[in-house]
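In what follows, a structure is listed as structure tokens, so that the remarks can point back to it.
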Amino acid sequence: MKRLFLDDYRSPKDCTNYMYRRGVDCKIYHEEWYVVTSYGEFVKWILENGVPDVISLDYDLTDVDELLETIPKEYWFDLVNNRVYTGEDCAKWLKSFCDQNNRVIPTIYIHSVNPDGLKKIQNIFRN
């Protein structure tokens, strides 16, 4: 089973402290995950490895300044629209990719602690 975890700061095990309150069996966060830290890494991983079985998404992806200095700017910054990418952008890309390629949306967890970001990502997968 392939699991993809998107976050610039936390590791999967960090989510066990609070995801149980959202009804998630937190044992999953003790399993093996592939970890990506930016929009660009997220897209690249899926294009190279396929859609995983499970994805856990964060919303805010530019909290770690040191990370931003080590990855290409276009991985975390939308040069066309002049703004930082978020987990919402990753969710929109994933939904579009799955729709265009006739793929099933994987199991999605949203581990973001940003309440507005959480709702934005949830809304993408409700449609």
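Count the net charge of all other residues whose Cβ sits under 13 Å from the Cβ of Leu4, scoring Lys and Arg as +1 and Asp and Glu as -1.
With Lys, Arg at +1 and Asp, Glu at -1, the neighbours total -4.
Over the stretch 3-126, how many pairs of lysines fall under 22 Å by alpha carbon, counting only those 8 or more apart in sequence or from different chains?
Lysine pairs meeting both conditions in the stretch 3-126 amount to 9.
Out of the DSSP beta bridges found with both residues in the chain, what percent are antiparallel (nearest 5)?
The antiparallel proportion sits near 20 percent.
Please return the longest stretch of the chain lacking exposed loop sites, where chymotrypsin sites (Phe, Trp or Tyr not before Pro) count only if DSSP places them in a loop and at most 15 other Cβ atoms lie within 10 Å.
It runs 19-127.
Tell me which GluC sites (Glu not before Pro) from the stretch 16-90 have a DSSP coil assignment and no more than 12 other beta carbons within 10 Å of their own.
Glu31, Glu32, Glu69
With charges only on Cβ, +1 for K and R and -1 for D and E, what is the dipole size of the chain about its Cα centre, in debye, rounded to 20?
640 debye
Per DSSP H run of n ≥ 4, the term is -39500 (n - 2.57); total these for the chain, divide by its residue number, and report the mean residue ellipticity at 222 nm rounded to 500 deg cm²/dmol.
Dividing the helical sum by the residues of the chain leaves -10000 deg cm²/dmol.
Starting from the 7 Å offset along Cα-to-Cβ, what nm value, one decimal, do you get for the label separation of Ile108 and Val80?
In this crude label model, Ile108 to Val80 measures out at 2.0 nm.
Counting every Cα pair in the stretch 3-61, what percent are over 12 Å apart?
Taking all Cα-Cα pairs of the stretch 3-61, the fraction more than 12 Å apart is 65 percent.
Quick one: the Cα spread of the chain along its three principal axes, in angstroms, biggest first?
For the chain, the Cα spread along each principal axis is 38, 36, 27 Å.
Enumerate by residue number the trypsin sites (Lys or Arg not before Pro) in the stretch 22-127 meeting two conditions: DSSP loop (anything except H, G, I, E, B), and at most 12 other Cβ atoms within 10 Å of the site's Cβ.
For trypsin sites (Lys or Arg not before Pro) across the stretch 22-127 that sit outside H, G, I, E and B with at most 12 neighbouring Cβ atoms in 10 Å, the list is empty.
The numbers here are math on the coordinates, done by the rules we state, and not lab data. None of these values were measured; they are calculated from a predicted model. Neighbour counts run over all protein chains shown; Cβ positions are idealised from the backbone, glycine included.
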